[in-house]
Structure formats: C-alpha cells, structure tokens
Amino acid sequence: MKRLWILALVFPLLFTACGEDECPDDPLSYDSGNVTGPVLPAGIHEFAVRFTEDELCGHLGNSLSTVQFFIGQAPSLAEVVIYGDGGDSRPGAELYAQNVTNAIQIREWTNHLIVNPIEITGEDLWIAIRVAHVDVQNSVGCDNGPNQEGGDWLLRADDGRWLPFTQRTSESVNWNIRGIVE
C-alpha cells in the first residue's frame, strides 16, 4: 500500500516537472522576421526588447548565451548591451556591453556570442542594440507588427527617454533582436 501511495505522488510530478524539451534553444523574441527598419536622425539610439519575469520563468537557471539582431544599413557604431531589471519603463543596471561594429552583417542576421553568458535569475532582462548614426538612416531592423508589449523600446540620446516606438511614432513593430538561451 505504501508503494502505491508513493507512486500516486510521484506519477503526477513526472508530467509536471520541467523537461529538456520545455525550454528549447528557441530565441527569446517578439519579432516575426525582418521587413524594414525605422529611419532615424543622426545621433545615438538604443533599440531594446524587454522580457519580463513571467516570460523568463521557464528559463530559470539557464543562461543568455547569444544575441541575434538584424542591421539594414551600417551604423558608425554598434554595441550589444544587456540590462537587468529596472522596472516597467526603463532598464536597470548594465550587465554586459560589447562593441560589435566590425562584426555586423549588413542586411542579414548577426549572431553575437556573449563572452560570459548571463544567468536567467527570474528578473526582467533587456536586450539592446546601441547604434550611432552620422546621418539620417535606418539601422536596426523590425517586423511589420503588430507590436507586442516589450518588443519596441527605443532610447534616443536627444531626449534621453526610454519609450516604446509606438508611443514615439504610432507605428506598430517589433525590433529584430533575439536572445538565445541555453
């Protein structure tokens, strides 16, 4: 009888416990592929996607190992930047930054391997691409929408504010920025 009782407790756990297939190496992303990219003025811009605690809960204990992004026109500077949790309207502390200007692929996806992968701890994670334009141009790509919450954050150096792109322009898109968790 004792064995049946233990089996009755253990059996449901077998079907509810996290298995390897529940957290595949699929990217953290909001986009549906590249379609275009916004044309922005000269200056420094930071494009970011924000993944909340709820969106990351299935990846606890795993690590962000790679950032994928799409660049349409080469900026004069490009950096991959990872931020921690800072709240609902801005990222927190900078966890990682790497200049990738000489490694970007134009009009295709660039894969950036994070030197020291960032552990998923259950707090929000912001994945950003910081670019500098010397003239009016597009750089980071986007899909054709509709926007998903967290998929279109933009910091412009001229106003110093993090805002969703939909609030800046009413265009509904998601940045072509993805995170690979392993």
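A few comments on the model shown:
- Residues that are among the small types (Gly, Ala, Ser) and either touching a residue at least 60 places away in the same chain (Cβ under 8 Å) or assigned to a strand (DSSP E or B) (or both), drawn from the range 160-182: Gly179
- When each of Asn174, Asn116 is tested for being surrounded by 14 or more Cβ atoms within 10 Å (Cβ to Cβ) and either modelled with pLDDT of 95 or more or under 17 Å from the mean Cα position of the chain (by Cα) (or both), the lone residue that passes is Asn174.
- With respect to the stated conditions, Pro146 is touching a Ser or Thr at 6+ places or on another chain (Cβ under 6 Å), outside any helix (DSSP H, G or I) and loosely packed, with under 13 Cβ neighbours inside 10 Å.
The values are calculated or read from the model by the stated rules, or taken from the named source; none is laboratory data. The shown structure was predicted, so the numbers you read here are calculated from the model rather than taken from an experiment. With ideal geometry, Cβ positions are generated from the backbone for all residues, glycine too; neighbour counts draw on all protein chains shown.
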